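Have a look at the structure below before the remarks.
Computed from the coordinates by the stated procedures, all read-outs in this text should not be read as laboratory data. None of these values were measured; they are calculated from a predicted model. Positions of Cβ are backbone-derived with ideal geometry, glycine not excepted, and every protein chain shown enters the neighbour counts.
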Amino acid sequence: MLRRSFATLLTVFAFSVLSMSVSGADDGWTPLFDGKTLDGWSVKSGFATYKVEDGGVIAGKTAAGSPNTFLTSDKQFGDFELMFEVKVDDGLNSGVQIRSLLKNVDAENSHGGRLYGPQVEIESGPGQAGFIYGEATGRGWLSPEPQSKDNSVNQHDHFKNGQWNQYRVVAKGPNIKVWINGEMIADLTDEEIYKTHPKGMFGLQVHGIGKKTETYEVRWRNLKIKPL
């Protein structure tokens, strides 16, 4: 009786573990990179460098004289929910491109084309982290808040300097919402950008620093997506 009960408990335990595993696989989330390599991603627009560090971290490092550089996903995405964590050195501006496209692909010194489209801002606080910028679109800020002259509107301190920050981005139709560390930052509806960018690539930005010799780094981890 004791042996049979123990065997039964083992069977129940194994079934529970399997059920949790299946449930986790079916929750709709998919990792955006394999945690070990940059397979499925390509460097565009500049020559900053990217590498994978232990623990599944993508590290981007500035390069003197490089324009804005992006590690772009080979796949394109339309409506989605995106989650990631990011940590950036003070003094470096960064961002994550969503639904972005390449232009001037064959132009000289274009480094595979200029990535352009909506960008979710990353920068130390107090600042504009989480607002939406029109990278290389000629429109500047898409979010209205950074255009305000009121500091209580155009900046916030929800981004934790020198620490990991969790971003959540929901893009559905012309609406883009952004949360940082659980705080809603942006709720933008922009029909114009949606007409030209209903779907596109993700791009992890290392901003250009001109001819500065000092280097800066930005790191991302736990990138995952849920199609909507």
Worksheet item: Using θ = phi - 60° and the Karplus form 6.51 cos²θ - 1.76 cosθ + 1.60, what ³J(HN,Hα) does each residue of region 119-135 get, whole Hz, x for Gly and Pro?
Response: 10, 8, 5, 10, 6, 5, x, x, x, 9, 3, x, 6, 9, 10, x, 4
Worksheet item: For helix 2-25, what angle does its Cα long axis make with the longest principal axis of the chain, in degrees from 0 to 90 and rounded to 10?
Response: 20
Response to the item:
Diffing region 96-101: the Karplus 3J(HN,Hα) column from phi (6.51, -1.76, 1.60, θ = phi - 60°), in whole Hz with x for Gly and Pro, holds 10, 6, 10, 6, 9, 10
Worksheet item: Mean residue ellipticity at 222 nm from the helices of the chain, using -39,500 (n - 2.57) per DSSP H segment of n ≥ 4 over the full residue count, to the nearest 500 deg cm²/dmol?
Response: -4500 deg cm²/dmol
Response to the item:
Over all Cα pairs of region 20-118, the Kirkwood radius sets Rh, and Rg/Rh then becomes 0.99
Fill in: Vicinal HN-Hα couplings computed from phi for region 147-155 (Karplus, 6.51 cos²θ - 1.76 cosθ + 1.60; Hz; Gly/Pro x)
7, 6, 8, 8, 4, 6, 9, 8, 8
Discussion item. Which one, 33, 82, 118, is farthest towards the positive end of the dipole of region 29-227 when Lys and Arg carry +1 and Asp and Glu -1 on their Cβ?
Written reply: 33
Practice prompt. For residue 135, list long-range residues whose amide hydrogen, built 1.01 Å from N in the peptide plane, is under 5 Å from its own amide hydrogen.
Written response: 117, 119
Worksheet item: Can you sort 201, 184, 83 by how many other beta carbons sit within 10 Å, fewest first?
Response: 184, 83, 201
Worksheet entry | the chain, Cα convex hull volume normalised per residue, Å³ | 151
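Using +1 on the beta carbon of Lys and Arg, -1 on that of Asp and Glu, and nothing else charged, what's the dipole of the chain about the Cα centre, debye to 20?
Computed about the Cα centre, the dipole is about 580 debye.
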